Amino acid sequence: MRINRAYKKLTGIRREELVGIPVEELVRTRLISESCGAIVARTKKPCTIVQTFSRTGRSAHVSCNPVFDEHGEIEFYICNDRDLDEISSLQSELQEIKVLNDRYLSELETLKAQMPNWGELIVEDKAMLKALDLAGRVARVDSTALLLGETGVGKDEIARFIHRNSRRAEKALVSVNCGAITESLFESELFGHEGHAFTGAGSKSRAGLFEVADHGTMFLDEIGELSLNMQTKLLHVLQSKSFIRVGGTKPIQMDVRIIAATNCDLEAMVREKRFREDLFYRLNVVPIHIPPLRERRNDIIPLAQHFLDYYNQKNGCRKRLSSATCLALLDYSWAGNVRQLKNAIEQAMIMTDGDVIQPENLPVNVVREAVPFKEPQEGMSLNEFLERMELQYLNTYYQKCGSVREAAKRLKMPPTTFLRHRTSLMKKYGSLEL
C-alpha cells in the first residue's frame, strides 16, 4: 500500500515495483527473502524476522504488527525495517564510547592521584583537570607561568595551587592586583622606599612586595592592566633579578618565582603596541589556559555544593539544592564563571525560606535562561520521567532556536537524531505534564 524513501534506499526496490503487488510475489521473484507480512496475515499475530534484500545485499530486522477492524479481521499491517548494518554500527559506536569513557575515568583518577595537595580546589571536569595537570608540572620547577582565562574562572586559585605544590611552599605567596596600583605608587609598593624618600613617606624605610616575596612566589594578577611605563620597570627587575628602593642607591637582590595572570589577549596587545613584546615573552614561558565554567559542566554541581556547604556552615543552616535547581544551574551559561556561581548560591541561600533551594530562589537571569522543570508525579517510573524530561528539553530548545538544525547544534547532536527522538517521544507521551 505504501512505502517511504528509507525503505527504497534499504532494499533498492522502486515504489512502482512494490505498491499493489502481493507480498508472496515479492518472495517468488526474490526481491525479498521472506515476507513478515505474509506470516502476520496467516497467524494474525505480531511477528519479527531477519530479512535480506538481493539488490542491495543488505539485511534488516523486520517487525510487523497487524491492525484489526471492528470485526477482528486484519485491515492492514505495518512493517518496520531496521538496517542490521546500521544497528551493528551503532553497537560498535556505543562500545567505543564505553571504552573511551572508561579510559577517561582512568585518566581522571590518575590526574587526581598525581596532584595530592589540592587545597580547596573542586575539580571534576576533564578540561579543568588537564589545566591542573599542567599547573602541577609547572609547580615542580621554577619557570614563570602565565595564567590565561576569563574573569572569574579561578586564576588566583590555580596560582595558589602552583605555589602550594612548589619547593617555595613554606615561603610567602604575595598577590598583586596590577589593575589596582596607580603608576605613582607602583615603585614604592613593589620596591619599597627609604625614609623621607618622598612627601608622606615617613622617617622609616619600608620593604616593598618583592622583598616580602623573596624566596617565595609573587602572583601578578591582571598583568595586562599595567601601563607601558610600569611594564618597562617590571621588565628591568625580572631581567636583573634586583631592584632599588625609592630614594635608595643600593641594589637589592631577589629570588622570586613569578606567576602572572590576565583575561586580556596579550598577543593582540603586543601587536597593537600596548604591551611590551619582550615582557610578554618573559612571562609567557608556560601558558596555562583555564577553561570557562560553561566548558566544564561537570564542575558546576560540585562547585555549587561546595559553596552551599560553606554558607551552611557559616550561617548555621542545612539547606540543599533541589533536582530542578541543579538542572537550572547546569543549563545556565555562567558568563561570570565560578565567581558568579558563588554569588548565585549565596543569593539563593538568602532568598530561600525553607531547607530546599528551588529554581525560583536563584538570581532572575539564571532562572530565565534555564529549561523549565517539574518534579515527577507519584508512581512515575524513572525511565518515563527521564524520557519526559528529554522531550521537555528537546521542545524547549526547538522553541528557543526556531529550527531543528539550530536546536540540534545547541544540544551538540545530529539534526536527524534530534528529530527522530523528538517525534518518537511526542508520539509516546503527547502531553509534557510531569
- Query: For segment 224-265, what does the alpha-carbon gyration tensor say about shape, rounded, prolate or oblate, given a ≥ b ≥ c as the root eigenvalues, a/c under 1.5 as rounded, and a/b over b/c as prolate?
  - Reply: oblate
- Task: Can you give me the P(r) profile for segment 166-251? Cα pairs, bins 10 angstrom wide beginning at 0, each as a whole percent.
- Result: 17, 48, 31, 3
- Item | Structure-derived mean projected area of the Cα convex hull in nm²: which label, when the choices are (i) 23.8; (ii) 32.1; (iii) 20.5 | (ii)
- Message: Tell me the accessible surface of residue 286 in square angstrom (1.4 angstrom probe, heavy atoms of protein chains only), to the nearest ten.
- Response: 30 Å²
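So for segment 1-64, averaging the separation of alpha carbon pairs under 8 Å that are six or more residues apart and normalising by length, what relative contact order in percent results? It would help to have the intermediate numbers written out before the result.
Numbers: 78 pairs, mean separation 18.8, N = 64.
Dividing the mean separation by the residue count of segment 1-64 yields 29 percent.
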- Partners for residue 314 among aspartates and glutamates (Cα-Cα distance below 19 Å; same-chain residues under 8 apart left out): 120, 346, 353, 355
- Please list 122-130, 136-144 highest first by mean number of surrounding beta-carbon atoms within 10 Å per residue. 122-130, 136-144
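How many percent of the accessible area of the chain is carbon or sulfur, using a 1.4 Å probe?
Roughly 50 percent, rounded to a whole number.
How much accessible area per residue does the chain have, in Å², with a 1.4 Å probe?
Roughly 57 Å² per residue, with all protein chains present.
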- Query: What fraction of the DSSP beta bridges in the chain is antiparallel, stated in percent and rounded to the nearest 5?
  - Reply: 50 percent
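For segment 145-286, give the share of DSSP beta bridges that are antiparallel, in percent and rounded to the nearest 5; count only bridges with both residues there. Write down the numbers at each step before the final one.
On the way: 4 of 19 bridges.
Close to 20 percent.
Which GluC sites (Glu not before Pro) in segment 262-324 pass both tests, a DSSP loop state and at most 11 other beta-carbon atoms within 10 Å? Provide the component values of the computation, followed by the final result.
Details: sites: 267, 272, 277, 295; in loops: 272.
Those that pass, being in a loop and sparsely packed, are 272.
The values are calculated or read from the model by the stated rules, or taken from the named source; none is laboratory data. Here the structure is a predicted model, which is why all the values come from computation and not from measurement. Note that we place each Cβ from the backbone using ideal geometry, even for glycine, and neighbour counts take in every protein chain shown. To get the accessible areas, we keep the full protein, side chains included, count just its heavy atoms, and leave off ligands, DNA and RNA. Shrake-Rupley method; radii C 1.70, N 1.55, O 1.52, S 1.80 Å.
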